[in-house]
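I have placed the structure first, in the form of structure tokens, so that the comments after it can refer back to it.
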Amino acid sequence: MIPNLVVEPEAGTDDPVPPRGTRGAHRLWGGRFASGPAPELDALNRSIGTDLRLWPFDVRLSKAWAVALWHAGVLTLEESAAIERGLDGVADRLTAGETPLASDEDVHTLIDRLLHEEIGDVASKLHTGRSRNDQVATATRMWAMDACITLDSAVRALQRTMLDRAVELGATLMPSYTHLQRAQPVLAAHWMLSHFWPLDRDRARLEGASRAAGVLPLGSGAIAGSAFPVSRVLLQGSLGFAALSRNSIDAVSDRDFVAELLFGTTMLATHLSRLAEDLILFGSSEFGFVRFGDTFTTGSSMMPQKRNPDALEIARGSGARLLGDLVALLGTIKGLPTGYNKDLQDDKRVLFDAVDTMLLVLPAVTGTLAELSFRADRMKAALASSMMATDLADYLVEKGASFREAHAAVGALVREAEEKRGELTTLPFESFASAHSAFDRDVFESLSALRSVERREVEGGTGPGAVRAQIDAARASLAEKWENARGNELRLVTP
Ligand code: ARG
């Protein structure tokens, strides 16, 4: 994190008038200006506080660019090698924690300044044929591809925990809910895995976003394409991109990959918010299906008895923040005129916020889920016999009644049980017989929750065999790794 940067007057200035902007600052532009920018503009324009973290990617693409310039006959081998070595020096300094100056406009300016400090004037040749427009687009895409891999592994960690918990739950039964009203009995493992598959879809979206990011804009220059015969194919291979952008005007302003990653993370946050809400509800005394552990809950400063599921509440709330990030980006892109516009500088603020937030939330949700305990007794106690009403109707269907007729007969029985403040199981057989003539003495067997669950062996159903198959499929989905295009970085110098 970069502390708030304060513009200091340059040393050695005894000018009583406050300096206009950061005079003497290292800039990538300025020749056509008689004076530097106003401090108010500098303060607004500076993005180093946000984009500093792009430096490893900017260094990497700059090294590839130096090689490409040599290949194009723009730099000698010695110059290209000197720039590469210089960039390694810059990377070492940044790794060691070198902080930017107040006057460094953005990460590209910072790296350029440090490169000048490392190797002197030859550094000035690196910016030949490129612009910060294609540079920032390239670095942001590399960052995004990396982020997708990191997010994917954090999502998989949560999924592994879900799978472990599902296996542990075994034959435990619980109520399922529609409209938050008791619906039908299910295996608790089935409920647990209902939160697994949305994350599987999120992983597919992350992969899609990574693919969208894997198109190389470098070589597009400011907008019209580089005038030097750089090999973009060579750049693509060395930087691990899957394809080359086809149009330089589009390439410098295409932020679809940011939008796709933000949509992917927003859906992920949305899914986490639903899991969090289920667990918060189930952890309340009213449900009591789960008991939270010590390390992912907090107490109250006033009420000594409290144990609050903060991690889950923050996870639930973070969905709103990510939605805001997505909407901000879409709003920025909408109606943007052709080519690069400075509005796009804000793409990184929302992109980083969304990814950072998910990388904080995911491990906390995983931890909460891993340490909570399930209360099978409370789940079982919540299985009212009215939840087997559908099974009762199915019973009549099997005896030849139409489903509509069966639905009406069972509805009448439920009403009767409700009026008597009892359960379907406590009604006398005579009530069943008068509700429908097809009812036999064996009717009470169809009021068993276990039997209800066992009857649902359809693929994707809650039957024990179907859930076993589901667990196998879930396990197989976690084994899938996406191929990583990165690697084989072309180097001219061996360090
Ligand atoms: N900091 C800028 C950004 O993030 C870099 C590109 C600036 N380009 C320019 N022509 N001023 O978008």
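Annotation: of all residues in region 287-306 being of a type in the set (Ser, Thr, Tyr) and in a loop (DSSP other than H, G, I, E, B), the one that is nearest to Ala381 (Cα to Cα) is Thr297.
Taking the criterion of being basic (Lys, Arg) and either farther than 24 Å from Met267 by Cα or part of a helix (DSSP H, G or I) (or both), the residues of region 307-352 that qualify are Arg307, Arg316, Arg321, Lys342, Lys348, Arg349. Of all residues in region 377-411, those being hydrophobic (A, V, I, L, M, F, W, C), assigned to a helix (DSSP H, G or I) and either surrounded by 13 or more Cβ atoms within 10 Å (Cβ to Cβ) or at positive phi (or both) number 12. Every condition in (1) buried (at least 22 other Cβ atoms within 10 Å of the Cβ); (2) outside any helix (DSSP H, G or I) holds for Thr128 except the one numbered (1).
Note down all Cβ pairs under 8 Å where the first residue falls in region 415-427 and is closer than 17 Å to Thr390 by Cβ, the second is of a type in the set (Phe, Trp, Tyr) and surrounded by 11 or more Cβ atoms within 10 Å (Cβ to Cβ), and they're at least six residues apart or on different chains. Matching pairs, first to second residue: Thr425/Phe444.
Residues satisfying the criterion are present in region 329-338 (criterion: more than 16 Å from the ligand (Cβ to nearest atom) and either in contact with a helix residue (DSSP H, G or I) (Cβ under 7 Å, 6 or more places away or on another chain) or in contact (Cβ under 8 Å) with a residue 12 or more places away in the chain (or both)). Within region 21-64, can you find the residues that are hydroxyl-bearing (Ser, Thr, Tyr) and more than 28 Å from Asp353 (Cβ to Cβ)? Scanning region 21-64 gives a single hit, Ser35.
When you look at Leu359, is it over 30 Å from Asp254 (Cβ atoms) and away from the ligand (no atom under 16 Å from the Cβ), yes or no? Spelling it out, it is not the case that Leu359 is over 30 Å from Asp254 (Cβ atoms) and away from the ligand (no atom under 16 Å from the Cβ).
The residues in region 53-78 that are over 13 Å from Leu115 (Cα atoms) and acidic (Asp, Glu) can be counted, and the count is 1.
If you go through region 116-125 one residue at a time, do you hit one that is more than 15 Å from the ligand (Cβ to nearest atom), at pLDDT 95 or above and not in a helix (DSSP H, G or I)? Looking through region 116-125, none of the residues is more than 15 Å from the ligand (Cβ to nearest atom), at pLDDT 95 or above and not in a helix (DSSP H, G or I). Restricted to region 48-95, the set of helices (runs of 4 or more DSSP H) holding at least 3 residues that are of a type in the set (Phe, Trp, Tyr) and out of contact with any strand residue (DSSP E or B) (no Cβ under 6 Å at 6 or more places or on another chain) comprises 55-71.
The values are calculated or read from the model by the stated rules, or taken from the named source; none is laboratory data. None of the values given here were measured: they were computed from a predicted structure. For neighbour counting, all protein chains shown are included, and Cβ atoms are generated from backbone atoms with ideal geometry for every residue, glycine included.
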